[in-house]
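Read through the structure below, which is laid out as structure tokens, and then see the notes.
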Amino acid sequence: MNSYNIEINDLQASYEDNIIIDSLDLKIPKNKVTMIIGSNGCGKSTLLKCISRLLIPDKGQISINGSEIKKRASKELAKTMAVLPQSPSAPGGLLVRELVSYGRFPYQKPMGGLKKDDMEIINRSMEVTGIIEYADRPLDSLSGGQRQRAWIAMVLAQETEILILDEPTTYLDISHQLEILTLLKELNEKFNRTVVMVLHELNNAAKFADHLIGLKSGNVVFEGSPKAVVNCENLRILYGVNSSIQLDSTGTYPVCVDFQLAK
Amino acid sequence: MGRKTFVILIITAAVLSASIIFSLSSGSYSLRLDEIIRTLIGRGNPLSNTIVMQLRLPRIFIAILVGASLSTAGCILQSILGNPLAEPGIIGMNSGAALAVVLLISSSSSAYYDSIGIYTMMLLPIASIAGSFLVTALIYVLSVKKGANPARLTLTGVGISAGINAFIALYQLTMSKGDYNRALTWISGSLWGSNWLFFGIIAPAAAVSIGFAMYNSKLLDVIRLGRETAVGLGVDVDKKQKSLLGIALVLSAASTAVAGNISFLGLMGPHIANRLVGPVHIRKIPVAAGISSVLILLADTASRTMFSPLEVPVGITVSILGVPYFIYLMLKEA
């Protein structure tokens with residue numbers, strides 16, 4: 001059995017004439033929470049866009065479960081991998097239940113309605129994400145954290161092995177950030193989903209990730225478990241800061257208690 | 001279908017029927033309900049027969065088709081462009097149709113509508129669709145860089161349409177007074193001179209296109225969530241965007257061919273429907289079509305009766321209704 005869900009070989013990606021990623025090789029492990037960190041413009045969002053087919057790479061291969069994504073039908077791939085963009089938008093007045101039901105789109109025929117199975121999956125997704133009580137409310141009447149959970153319920157209803165999220169905690173306050181990350185961790189542990197996300201907040205990444213990837217100028221600077229890779233040297237390379245790092249009280253993950261700009 | 005949607009659909013249908021009866025009865029020769037019914041079941045006198053069967057009924061049917069087509073085109077464009085203010089008139093789709101028809105009217109230099117030959121009349125929708133297609137293709141090509149960016153598409157459309165309208169105005173200056181008036185009436189949007197042949201020409205195009213839009217309603221729902229989300233849900237957005245744009249184009253060109261430029265109809269129906277039944281297309285498209293049909297029907301009835309025997313082009317009446325609503329929307333969205 002292959003222990004990687006996503007394999008990237010010699011990837012080059014660019015916007016217009018700006019090469020963001022030049023020759024990147026990367027493997028993303030199966031059934032783990034992988035987080036990609038790095039400073040602004042390091043190519044982490046570009047990498048996610050290539051994996052989720054929003055951006056067509058200039059060259060290189062991206063394979064999901066061993067088969068190359070450009071050779072697979074969009075709808076088929078959407079049954080293996082779900083993608084939540086950074087700030088998704090929905091039309092005003094859309095109900096939470098309706099939004100979540102769109103997660104069943106890859107499985108539906110054009111005129112076919114939702115079957116009993118679909119309904120069950122939609123309800124279960126809303127239960128797991130804790131928004132079932134808001135099912136019949138318009139999405140725009142929810143708070144930021146609830147809304148983000150509704151979106152996560154939508155990608156969950158896609159029933160995919162892999163979940164890809166681009167900064168799922170942006171614009172959320174600290175308690176909602178923790179709530180979302182705990183939920184994603186739970187999805188990984190209880191439902192064996194491979195979760196891949198880009199995250200800005202280093203301490204959250206260190207706390208919740210199984211596997212951390214540090215990206216700088218489109219290259220992997222370090223990868224591994226948070227305990228193994230979050231150290232002064234690596235953070236200086238990645239962000240250009242001097243940091244003081246401790247382990248949390250249980251000794252399971254590193255915490256950066258202070259930062260200074262490296263001179 | 002939810003009970004609320006069902007009730008709203010029934011109400012919309014009832015209001016539409018009432019509008020049809022109102023429109024059938026009013027005019028320079030007004031008819032009572034019993035006269036209308038007698039005529040419809042084939043027991044009318046020659047006068048009421050001509051008025052109902054040859055003049056008002058085809059005009060009403062065309063108004064409904066135009067209302068439904070423009071509204072559906074509006075629903076499609078608002079979703080694929082992710083812009084709540086998009087509609088065929090605003091993004092420049094109609095300007096190409098307008099240009100083609102103005103060229104055709106002036107080149108055939110015969111009387112407007114009823115005495116132009118049947119071939120010219122058959123040519124009208126074809127020219128209109130061709131013109132609309134060329135201009136939309138131009139807008140699309142100019143705004144595509146690695147996939148069509150909706151904002152760029154909209155802005156390019158606005159720009160191109162301003163240019164084409166200037167060209168139309170320039171062309172009109174060189175026209176004879178009679179041709180100028182004909183072209184102006186047409187550009188302002190008018191249902192004057194509607195007949196069954198026109199209806200026969202646009203009905204199939206409108207029916208097939210609206211059917212296609214309904215068939216793709218789920219796709220429209222998902223595309224409305226934005227390119228990134230739609231791709232994640234397995235939609236080949238660039239390809240689907242093109243075919244949906246094509247449908248919106250046929251709908252708007254077919255209506256432009258028979259009714260000229262009518263703005264705001266593609267905006268008002270979908271927005272009111274959105275408030276009534278929400279943004280899910282399978283409910284929104286039919287309700288929006290019904291509302292737009294009612295609006296154009298009432299506007300047209302007012303257009304031909306208010307200053308009788310003079311007729312105000314219905315496009316102007318719709319705009320008078322539409323502008324305040326448009327401004328209201330802008331204020332509310334902001």
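The values are calculated or read from the model by the stated rules, or taken from the named source; none is laboratory data. Given the structure is predicted, the values throughout are model-derived calculations rather than measurements. Because the Cβ atoms are built from the backbone with ideal geometry, glycine has one as well, and the counts that use them run over all protein chains shown. Surface areas here come from the heavy atoms of the whole protein model, side chains and all, with no ligands, DNA or RNA. Shrake-Rupley method; radii C 1.70, N 1.55, O 1.52, S 1.80 Å.
Structure summary
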{"quantity": "Sole residue being surrounded by fewer than 24 Cβ atoms within 10 Å (Cβ to Cβ) and assigned to a helix (DSSP H, G or I), chosen from B:Ala205, B:Ala253", "calculated": "B:Ala205"}
{"quantity": "Of all residues in region B:251-283 being among the β-branched types (Val, Ile, Thr) and more than 10 Å from chain A (Cβ to nearest Cβ), the one that is farthest from the chain's Cα centre (by Cα)", "calculated": "B:Ile272"}
{"quantity": "Residue match in region A:49-56 (condition: in contact with a Cys (Cβ under 9 Å, 6 or more places away or on another chain) and within 14 Å of chain B (Cβ to nearest Cβ))", "calculated": "yes"}
{"quantity": "Test: residue in region B:60-72 that is farther than 18 Å from B:Ala273 by Cα, open to solvent by 40 Å² or more (accessible area, probe 1.4 Å) and assigned to a helix (DSSP H, G or I)", "calculated": "yes"}
{"quantity": "Unmet criterion (only one of (1) modelled with pLDDT of 95 or more; (2) in contact with an Asp or Glu (Cβ under 9 Å, 6 or more places away or on another chain); (3) surrounded by fewer than 21 Cβ atoms within 10 Å (Cβ to Cβ); (4) not hydroxyl-bearing (Ser, Thr, Tyr)) for A:Val96", "calculated": "(3)"}
{"quantity": "Residue selected from region B:85-118 under the condition within 21 Å of the chain's Cα centre (by Cα) and modelled with pLDDT under 65, by the criterion least open to solvent (accessible area, probe 1.4 Å)", "calculated": "B:Tyr113"}
{"quantity": "Failed condition for A:Ile245, given (1) surrounded by fewer than 22 Cβ atoms within 10 Å (Cβ to Cβ); (2) in a helix (DSSP H, G or I); (3) more than 15 Å from the chain's Cα centre (by Cα)", "calculated": "(2)"}
{"quantity": "Leading residue by the ranking (nearest to B:His271 (Cα to Cα)) among those in region A:58-102 that are assigned to a strand (DSSP E or B) and within 10 Å of chain B (Cβ to nearest Cβ)", "calculated": "A:Leu95"}
{"quantity": "Residue in region B:298-334 that is nearest to B:Ala86 (Cα to Cα), counting only those that are of a type in the set (Gly, Ala, Ser) and surrounded by 15 or more Cβ atoms within 10 Å (Cβ to Cβ)", "calculated": "B:Gly322"}
{"quantity": "Out of A:Gly214, A:Gly224, A:Gly218, sole residue that is over 16 Å from the mean Cα position of the chain (by Cα) and buried (at least 16 other Cβ atoms within 10 Å of the Cβ)", "calculated": "A:Gly218"}
{"quantity": "Restricting region B:223-248 to residues that are out of contact with any Lys or Arg (no Cβ under 9 Å at 6 or more places or on another chain) and open to solvent by less than 10 Å² (accessible area, probe 1.4 Å), the residue that is farthest from the other protein chains (Cβ to nearest Cβ)", "calculated": "B:Ala248"}
{"quantity": "Residues within region A:183-210 that are surrounded by fewer than 19 Cβ atoms within 10 Å (Cβ to Cβ) and not in a helix (DSSP H, G or I), tallied", "calculated": "4"}
{"quantity": "Top-ranked residue in region B:1-35 [being open to solvent by 60 Å² or more (accessible area, probe 1.4 Å) and not in a helix (DSSP H, G or I); ranked as modelled with the highest pLDDT]", "calculated": "B:Arg32"}
{"quantity": "Unmet criterion (only one of (1) modelled with pLDDT of 95 or more; (2) in a loop (DSSP other than H, G, I, E, B)) for A:Lys109", "calculated": "(1)"}
{"quantity": "Total residues in region A:103-121, condition within 14 Å of chain B (Cβ to nearest Cβ) and crowded, with 16+ Cβ neighbours inside 10 Å", "calculated": "7"}
{"quantity": "Answer from B:Val312, B:Val294, B:Val287 - the residue that is β-branched (Val, Ile, Thr) and closer than 27 Å to B:Asn181 by Cα", "calculated": "B:Val312"}
{"quantity": "Considering residues of region B:271-289 that are under 15 Å from B:Ala13 (Cβ atoms) and small (Gly, Ala, Ser) only, the residue surrounded by the most Cβ atoms within 10 Å (Cβ to Cβ)", "calculated": "B:Ala288"}
{"quantity": "A:Leu238 buried (at least 16 other Cβ atoms within 10 Å of the Cβ) and touching a Cys at 6+ places or on another chain (Cβ under 9 Å)", "calculated": "yes"}
{"quantity": "Residue match in region A:17-25 (condition: out of contact with any Pro (no Cβ under 6 Å at 6 or more places or on another chain), more than 15 Å from A:Val196 (Cα to Cα) and open to solvent by less than 10 Å² (accessible area, probe 1.4 Å))", "calculated": "yes"}
{"quantity": "Members of region B:159-180 that are open to solvent by 70 Å² or more (accessible area, probe 1.4 Å) and either part of a helix (DSSP H, G or I) or touching a residue at least 24 places away in the same chain (Cβ under 8 Å) (or both)", "calculated": "B:Asn165, B:Phe167, B:Leu170, B:Tyr171, B:Leu173, B:Lys177, B:Tyr180"}
{"quantity": "Any chance B:Val323 is at pLDDT below 90, β-branched (Val, Ile, Thr) and over 11 Å from the mean Cα position of the chain (by Cα)", "calculated": "yes"}
{"quantity": "Index of the failed condition, B:Leu197 passing every other in (1) more than 17 Å from the chain's Cα centre (by Cα); (2) away from chain A (no Cβ under 14 Å); (3) open to solvent by less than 30 Å² (accessible area, probe 1.4 Å)", "calculated": "(3)"}
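Here is a yes/no grid of residues against (1) open to solvent by 40 Å² or more (accessible area, probe 1.4 Å); (2) at pLDDT below 95; (3) more than 25 Å from B:Gly234 (Cα to Cα):
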site	(1), (2), (3)
A:Glu127	yes, yes, no
A:Gly130	no, yes, yes
A:Glu133	yes, no, yes
A:Ser141	yes, yes, yes
A:Ala150	no, no, no
A:Ile164	no, no, no
A:Pro168	no, yes, no
A:Tyr171	yes, yes, yes
